[in-house]
Every structure is written in C-alpha cells, then in structure tokens.
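Data first, discussion second: the structure below is written as structure tokens.
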Amino acid sequence: MTIHKEGRKFLIKMFLVLLMINAFGWYFFSPVAAKAISIGSLLVFVFFLNFFRRPTRVISVDDLNLVIAPCDGQVVVIEPTIEHEVLGEKRIQVSIFMNVFNVHANWYPIGGTVTYYTHNDGRFMSAHLPKSSTENERSTVVIETESKTRILVRQVAGALAQRIVTYAEVGKKYQINDEIGFIKFGSRMDLYLPLDSEILVNLKQKTVGNQTPIARLK
C-alpha cells in the first residue's frame with residue numbers, strides 16, 4: 001500500500017495547514033479546546049490519507065476476452081442502452097459507483113490500443129443518477145482489443161468530485177494492470193460492452209479494481 005501520486009502534494013499542504021492550526025490552538029486556547037482541535041485534525045488527515053491510498057494489485061489473465069473491473073465500488077447499472085456520444089450504437093452499460101471510502105485509482109479493464117480520448121466539462125450531480133453519465137464532467141476512452149472489439153470506458157465525476165485525471169494517450173497500447181487514471185472523491189465508471197458480452201456480475205455486487213472479472217467478450 002502506497003500513497004497515490006495524485007494525492008501527495010495535497011496531503012503535504014494539508015499537513016502543513018493542520019500543523020499551523022494546531023500550533024495556533026495550543027498557543028491561544030485552553031488545553032481541552034486544543035486537544036479537541038488536535039483530535040479533529042488527526043481524523044481529517046487520516047480520512048484523506050485513506051482516500052489517496054494506492055494498493056498494489058497485479059492480476060494475471062490468460063483469457064484475452066475477460067473484462068476486469070476498472071475500479072473499486074458497487075455495480076449500480078447493468079442494462080442495454082445506446083451510447084450516443086462516441087460509438088453511436090446499442091451497448092450493454094455496466095456502471096460501478098465509488099463512494100469516498102473506496103480506492104479511487106482506476107485501471108484498464110482490458111488490454112488494447114487507445115483509439116479515442118476526450119474530456120468533457122459538465123455538472124457535478126450525484127454519480128448515482130443515470131443522467132450523470134452524459135451531463136456530469138467526464139473523460140471517455142475507447143480501447144480496441146487485439147480482436148478489433150471496441151470497449152468504451154468513461155470516468156464520471158460525482159457531486160463531490162473535484163478532478164478527473166486520465167493518463168490515456170491515443171495510439172498507445174495498454175494492458176490490464178496499467179492505470180487509466182484517478183478520480184478525486186465520489187464518482188463512478190461506466191463501461192459500454194458489445195451486446196453479446198457475457199456479464200459476470202450482478203446489480204449491487206461489490207467490485208475490487210483490477211481484480212474482479214465483470215464480463216467476457218464473445
């Protein structure tokens with residue numbers, strides 16, 4: 001377990017600010033009040049330290065058609081839908097919601113070449129809502145597998161999300177175990193799979209990023 005690179009500067013700045021607040025508290029307030037400030041500061045710092053954790057996860061996959069969960073969370077959508085923005089065709093949408101206590105590092109769900117990437121500014125509605133996939137701030141990546149199957153992966157900001165980070169480069173080949181990005185605070189990830197995909201998860205099922213198989217392509 002390490003601290004994700006997206007959180008290191010943030011945590012250093014927070015530590016210094018909390019340090020100054022505690023120094024001020026112990027100098028000007030009573031010991032009881034100063035102790036309460038110190039306990040509150042410790043809890044806040046531990047919360048953010050936990051949020052930016054980055055576990056070491058490596059998975060070995062022999063089946064190149066297996067789709068792995070790109071993030072920790074809970075499956076909130078499994079349904080056929082038309083992906084209008086990029087693919088313009090009917091797909092099976094599988095969405096995973098991440099709360100603030102989940103690991104927020106995101107991984108590639110399958111190996112392949114990135115053929116498309118875009119970032120759209122938008123709203124910050126709750127990531128539970130269906131409209132968040134098309135109206136919230138989001139990043140979209142299309143991965144083409146070796147069998148020429150296209151998989152669309154979308155990082156969606158939530159009500160508390162402040163920033164979506166995506167590392168994808170068009171034309172570059174990635175594998176499972178590679179990170180696709182990071183989303184700060186509550187959010188979700190959507191996958192748009194071919195209609196004949198075999199779905200291996202159920203609604204409300206918990207997933208572990210870069211560990212849980214969620215589908216198998218035909």
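Each reported figure results from applying straightforward, stated rules to the coordinates on display, with no laboratory input. Since this is a predicted model, take the numbers as computed values, not measurements. All Cβ positions, glycine included, derive from the backbone under ideal geometry; neighbour counts span all protein chains shown.
In the chain, the longest principal axis of the Cα atoms and the axis of helix 31-51 are about 20 degrees apart. Note on the chain: dipole from Cβ charges, positive end direction compared against THR113, GLY73, VAL32; the farthest Cα belongs to VAL32.
For the range 11-86, chymotrypsin sites (Phe, Trp or Tyr not before Pro) meeting the loop criterion (DSSP other than H, G, I, E, B) and having at most 15 other Cβ atoms within 10 Å: PHE29. The residue among GLN93, PHE10, VAL156 whose Cα reaches farthest toward the positive pole of the charge dipole of the chain, with charges on the beta-carbon of Lys, Arg, Asp and Glu, is PHE10. Charges were assigned to the Cβ only: +1 to each Lys and Arg, -1 to each Asp and Glu. The resulting dipole of the range 2-54 about its Cα centre is roughly 280 debye. A Cβ-based charge dipole, computed about the Cα centre of the chain with Lys and Arg at +1 and Asp and Glu at -1, lands at about 720 debye. With unit charges on the beta carbons (Lys and Arg positive, Asp and Glu negative) and the dipole taken about the Cα centre of the chain, which residue among LEU19, VAL170, VAL201 sits farthest to the positive side? The residue sitting farthest along the positive end of the dipole is LEU19.
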